[in-house]
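All remarks here apply to the structure that follows.
The values are calculated or read from the model by the stated rules, or taken from the named source; none is laboratory data. The model shown is predicted, which means the values in this text are computed figures rather than measured ones. Here the Cβ positions follow ideal geometry from the backbone for every residue, glycine too, while neighbour counts run over all protein chains shown. Remember, those area values only see protein heavy atoms, side chains included, never the ligands or the DNA or RNA. Shrake-Rupley method; radii C 1.70, N 1.55, O 1.52, S 1.80 Å.
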Amino acid sequence: MRRLTLLLLSLSIALTSHAQTPPTAPWRGAGPPPCLGSDGGFFACPPAPRVIAIRAGRIFDSKTGQMLTRQIVLLSGDRITQVGPESQIRIPAAAQLIDLTRATVLPGLIDAHTHMFNQRGPRGTTEASMLIAVQNAQADLRAGFTTARDMSSHGNGYGDLAVRDAINEGRIDGPRYQVSTLGIVWGSAPPNPAAPDNPLASKVVRSVDEARAAVREQIARGADWIKLFPTGGYSFTPTGEAQYVVTYPLPVLQALVDETHKLGKKAGCHVYGGEGQKNAIIAGCDTIEHAFGLDQAQIDMMVAKGLYYDPTLMRYTEPYMDDNDAKNTGGKYRMIPIFEKAVAMAAAAKGLKIMVGSGVDGATFVHGTQGLEFEALVKHGGLTPVRALQSGTIVNAEALGWQGQLGSIDKGKYADLIAVSGDPLADITELQRVKFVMKGGRIIRDDMK
């Protein structure tokens with residue numbers, strides 16, 4: 001019994017570590033002892049930690065919004081050990097030196113609203129969907145997004161858990177990753193035995209009890225976030241007033257959010273406007289996503305409650321939006337100017353925490369191009385370059401609960417760093433041309449050479 005207990009303990013440790021060797025008998029296979037994956041299979045262990053010194057021409061300090069010059073960043077393994085002016089930091093003789101003196105170094109970017117899985121079609125397979133998700137995650141990482149939040153698996157069930165766990169184990173490259181699995185939607189009609197709910201799509205609930213049970217199930221399966229949909233689509237009245245479909249009754253929405261918080265997790269709410277959007281704020285959704293029709297009263301409520309706003313501005317100002325509105329209104333009315341006005345109002349509001357989330361989904365916004373979101377927030381959303389950069393780093397880290405690990409270049413935090421050739425405070429489009437990416441002290445991309 002003692003031997004079995006020790007074996008189980010060793011296996012448990014191996015599943016939570018990136019570099020544990022097999023816990024059983026000595027390795028009798030080819031090459032050095034490998035690491036053990038959660039599926040019981042082996043893979044090559046990462047190299048031993050080393051000391052790295054980065055010479056940075058400029059460093060963006062996301063806490064103060066200042067651009068510092070002639071800095072040194074020392075790393076050991078996956079963590080930052082020292083940061084400061086080159087006149088004050090001694091580089092160890094054995095350190096590997098990385099020369100970024102002609103570049104701007106920033107904390108790894110965080111995309112707070114992604115969909116790693118493309119929308120699964122009727123002929124889509126699990127295998128094909130998983131390969132696409134891995135490709136998307138790797139494209140995001142190479143573009144400088146070392147952390148991401150996935151906001152529903154797009155009809156692929158709990159597949160995002162497998163991608164997240166594979167990244168955490170070091171099996172595949174990808175951003176640090178929080179997931180929301182299926183999402184939960186409202187069913188206004190009774191269940192239809194002839195057309196049962198798709199188990200791979202969003203969970204359908206039809207009562208308070210079902211709502212609470214769905215939250216418990218998804219969190220038990222490993223969800224980091226609960227994705228909710230308090231509004232449906234939008235349309236325009238004959239006089240041009242935007243109107244929005246309300247989904248959950250408020251008591252159901254409140255139960256969803258309360259159960260999420262009770263279990264120590266957070267809820268992200270997809271809303272467009274109107275009563276459903278107001279309900280999301282009243283219920284205390286931790287992040288308000290999109291919010292085309294956001295108004296000052298709702299902004300004030302969000303500030304008072306400490307909620308975050310994630311506009312996904314680029315995603316909903318793309319040309320297809322105008323195409324849809326032209327088709328539905330005969331060219332009379334458009335949502336884009338309404339949305340841009342709402343984001344600008346939010347940017348002007350004192351105390352509102354604005355996030356950067358792209359909404360990339362492989363449909364109208366391609367993975368790896370999320371630098372466009374920063375440009376949209378600056379040129380059309382009213383954010384300064386400094387604030388946009390802070391939103392995509394330290395603010396997002398706080399929203400994800402990882403502010404002690406990510407979001408700024410500080411001692412003790414993960415060595416997640418990117419670099420661009422120019423100054424993104426002068427030209428925010430520099431973030432669309434990331435040349436260097438490091439995650440956890442490991443170089444993912446280096447086009448500076």
Check your understanding: So which residues in the range 375-399 are open to solvent by less than 10 Å² (accessible area, probe 1.4 Å) and of a type in the set (A, V, I, L, M, F, W, C), if there are any at all?
Key -> ALA376, LEU377, LEU383, ALA388, LEU389, ALA397, ALA399
Review point. Within the range 348-375, which residues are part of a loop (DSSP other than H, G, I, E, B), small (Gly, Ala, Ser) and under 17 Å from ALA291 (Cα atoms)?
Key: ALA349, GLY357, SER358, GLY359
Exercise for review: Any chance you could count how many residues in the range 131-159 are open to solvent by less than 10 Å² (accessible area, probe 1.4 Å), charged (D, E, K, R) and assigned to a helix (DSSP H, G or I)?
Suggested key: 1
Exercise for review: Can you give me the number of residues within the range 417-426 that are over 13 Å from GLY57 (Cβ atoms) and open to solvent by 10 Å² or more (accessible area, probe 1.4 Å)?
Suggested key: 2
Review point. Which condition number in (1) part of a loop (DSSP other than H, G, I, E, B); (2) among the small types (Gly, Ala, Ser); (3) surrounded by fewer than 24 Cβ atoms within 10 Å (Cβ to Cβ); (4) modelled with pLDDT of 95 or more is the one that ALA162 fails?
Key: (1)
Review point. Under the condition of being of a type in the set (Lys, Arg) and touching a strand residue (DSSP E or B) at 6+ places or on another chain (Cβ under 8 Å), which residue from the range 49-81 is farthest from ILE91 (Cα to Cα)?
Key: ARG58
Study note, to complete from the structure: Inside the range 376-395, the number of residues satisfying the requirement of being farther than 19 Å from GLN66 by Cβ and either in contact with a Lys or Arg (Cβ under 6 Å, 6 or more places away or on another chain) or assigned to a helix (DSSP H, G or I) (or both) is 3
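The rows are residues; the columns are (1) aromatic (Phe, Trp, Tyr); (2) at pLDDT 95 or above; (3) over 20 Å from THR393 (Cα atoms); (4) open to solvent by 10 Å² or more (accessible area, probe 1.4 Å).
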{"position": "LEU256", "(1), (2), (3), (4)": "no, yes, yes, no"}
{"position": "GLY274", "(1), (2), (3), (4)": "no, yes, yes, yes"}
{"position": "ILE282", "(1), (2), (3), (4)": "no, yes, yes, yes"}
{"position": "HIS290", "(1), (2), (3), (4)": "no, yes, no, no"}
{"position": "SER358", "(1), (2), (3), (4)": "no, yes, no, no"}
{"position": "ASP361", "(1), (2), (3), (4)": "no, no, yes, yes"}
Review point. Which residues, taken from the range 93-105, are out of contact with any Lys or Arg (no Cβ under 9 Å at 6 or more places or on another chain) and at pLDDT 95 or above?
Key: ARG102
Practice item. Tell me which of these HIS113 doesn't satisfy, since it passes every other one: (1) of a type outside the set (Phe, Trp, Tyr); (2) without any contact (Cβ under 8 Å) to a residue 60 or more places away in the chain; (3) crowded, with 17+ Cβ neighbours inside 10 Å. Key: (2)
**Study point:** Residue count for the range 38-69, restricted to those that are under 30 Å from GLU398 (Cα atoms) and either touching a residue at least 24 places away in the same chain (Cβ under 8 Å) or open to solvent by less than 10 Å² (accessible area, probe 1.4 Å) (or both)
**Key:** 19
Check your understanding: Hey, among ALA342, ALA348, ALA326, ALA297, which residue is out of contact with any helix residue (DSSP H, G or I) (no Cβ under 6 Å at 6 or more places or on another chain), crowded, with 19+ Cβ neighbours inside 10 Å and among the aliphatic types (A, V, I, L, M)?
Key -> ALA342
